[in-house]
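J.: Could you have a look at this structure, given as structure tokens, before my questions?
A short reminder: the numbers here are calculations on the coordinates, not readings from a lab. This structure is a prediction, so every number in the text was calculated from the model and none was measured. In this analysis, Cβ positions are derived from the backbone assuming ideal geometry, glycine residues included, and neighbour counts consider all displayed protein chains.
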């Protein structure tokens, strides 16, 4: 059986109006433009975000280095706070490490609850010797690129959907005007019969 969704707008039949054909053609045009624009805009924004984040990762990897530090005080064995995954948050404790020049430095870094004095922990330092966070990983780069590209594509799809709604509203308004003019022509004949 041959059936196409919306095919009544394309076939020749007595109830088909010119505005129906125009609406179907406009919908196809809006759908094609939305699909092309959303995919190209999403890819372009995602690629730009990927390159930007990749350069950030390269800068961070060049600027930061990992050192081993000694914990100077016992960390609390429990903490009342947990993070999003339900794991207990880390507890800040003072630590000591050897600097690149051979001297010693101290600072406060977060460690898992229950870490004892004298244990070794890892921490990241920047080029100035200050404690910093770990550099971004490449999975973070991909996640950012996919998020930015997907968001851009979704916004473009939303704009296309609004354009489709505007087409439908305009065509409905035109149909209502046509029905009104036709009814004003036919109504006197109907009212005489009554």
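J.: Rounding to the nearest 10 and keeping the result within 0 to 90°, find how far the Cα-based axis of helix 18-63 lies from the longest principal axis of the chain.
T.: Long axis of 18-63 versus the principal axis of the chain: about 10 degrees.
J.: For mean projected area of the Cα convex hull in nm², which listed value, (1) 14.5; (2) 13.1; (3) 22.4, comes from the coordinates shown?
T.: The calculated read-out lines up with (3).
J.: May I ask you to order 142-154, 25-37 by the average number of other C-beta atoms within 10 Å around their residues, highest value first?
T.: Packing order, densest peptide first, comes out as 142-154, 25-37.
J.: Continuing with the same structure: Tell me, what is the percent relative contact order of the chain, built from C-alpha pairs under 8 Å that lie six or more residues apart?
T.: Rounded, it is 28 percent for the chain.
J.: What ranking of 13, 65, 45 emerges when the number of other C-beta atoms within 10 Å of each C-beta is taken as an exposure proxy, fewest first?
T.: Fewest to most other Cβ atoms nearby, the residues stand as 13, 65, 45.
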